[in-house]
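The next block holds one structure in the form of structure tokens; read it before the comments.
The values are calculated or read from the model by the stated rules, or taken from the named source; none is laboratory data. Remember, it's a predicted structure, so these values are computed and weren't measured experimentally. Glycine also receives a Cβ, built like all others from the backbone with ideal geometry; neighbour counts cover every protein chain displayed.
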Amino acid sequence: MSYENILTEVRGRVGIIMLNQPEKLNPMSNEMQREKIDQVRKWNDDPTVGAIVITGAGRGFCSGADIAKFEAAVEHGLDSMPLLSADVEWLNLARDSKPIICAVNGLAVGLGVTFTLPCDVRVASTDARFSFRFAGIGLTPEYGSTHFLPHLVGLGKTLELMLSARFVEAQEALDMGLVNQVFPPEELLDRAVKLAEEMAQNPDWQLRKIKRLIHENYLERDLSLVIRHERETFREAQDTEAHKEALLAFRERRKPNFHPEGDSI
């Protein structure tokens, strides 16, 4: 399928989404949002794709929400511009999806950084810059960022970033835990794809269950409930073809093949 706002590519078992409005630094319009969600859903149903990378075209990653949407809301009245169901849809999709890595190649502002927070891994170019600009433009945070960001960087740092609306360079983002790794610009996409490929070689069912366990348990205070969730899923995993293939591969002293003929186990 041909899209108007994103480019797509598959390398090995990794699907790549490139936000593609480079002349505007890739603002997240409603149309781009729908196309991004649509493509992730398609790859989640495709056994030949095991992980997904999202990056931006040109020198920006995502400059935030399209300002025209804000202007229309003020001009026509807030009731005429309801909060998008796609916002909640993306949060749920990112949590339940195959692994998603965001490769932040340049400017990531407002929604351009908050939509990455529910994804699994963020890597950045040394050229990347981040800002939670909401207060600086008379708005407040969204996209679940007040939930996710404190768990990534801590309460104090979250308050600093959101109350100041200042820009953060890539190295500082790495030091605080906002991103996992930083690479030179010319290496960023290849390194992100390599990391995604390592994930994609593992069995899909196990990857999704690991994500679900983590999202269920990382705020759970009842450790006995955490253990129960883990034990139940562990027992399910023991009965999967992927686990049986891993045991056979161990006995035969070879690497397990979790994706014979492109099928997920």
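Sort out which residues of region 9-33 are surrounded by 17 or more Cβ atoms within 10 Å (Cβ to Cβ) and either hydroxyl-bearing (Ser, Thr, Tyr) or assigned to a helix (DSSP H, G or I) (or both), and write them in order of number.
Hits for region 9-33 are Ser29, Met32, Gln33.
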- Note on the structure: Scanning region 43-56 for residues that are touching a residue at least 40 places away in the same chain (Cβ under 8 Å) and either out of contact with any strand residue (DSSP E or B) (no Cβ under 9 Å at 6 or more places or on another chain) or assigned to a helix (DSSP H, G or I) (or both) gives Trp43, Asn44, Pro47
- Checked region 229-246 for anything acidic (Asp, Glu) and either surrounded by 13 or more Cβ atoms within 10 Å (Cβ to Cβ) or in a helix (DSSP H, G or I) (or both); matches are Glu230, Glu232, Glu236, Glu241, Glu245
- Glu187 versus (1) surrounded by fewer than 17 Cβ atoms within 10 Å (Cβ to Cβ); (2) more than 21 Å from the chain's Cα centre (by Cα): which is the lone unmet condition? (2)
- Query: Taking into account only those residues within region 148-174 that are out of contact with any helix residue (DSSP H, G or I) (no Cβ under 7 Å at 6 or more places or on another chain) and over 25 Å from Arg59 (Cα atoms), which is surrounded by the most Cβ atoms within 10 Å (Cβ to Cβ)?
  - Reply: Phe148
- Does at least one position in region 175-182 carry a residue that is touching a helix residue (DSSP H, G or I) at 6+ places or on another chain (Cβ under 6 Å), of a type outside the set (Ser, Thr, Tyr), surrounded by 14 or more Cβ atoms within 10 Å (Cβ to Cβ) and outside the structural domain of Arg129 (by TED's automatic domain parsing)? no
- Among strands (runs of 3 or more DSSP E) entirely inside region 111-228, those with 1 or more residues being in contact with a Lys or Arg (Cβ under 6 Å, 6 or more places away or on another chain) are 167-169, 181-183
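Might you check whether a residue that is closer than 18 Å to Ile52 by Cβ, acidic (Asp, Glu) and surrounded by fewer than 15 Cβ atoms within 10 Å (Cβ to Cβ) occurs anywhere in region 120-137?
Within region 120-137 (the criterion being closer than 18 Å to Ile52 by Cβ, acidic (Asp, Glu) and surrounded by fewer than 15 Cβ atoms within 10 Å (Cβ to Cβ)), the answer is no, since none of the residues qualifies.
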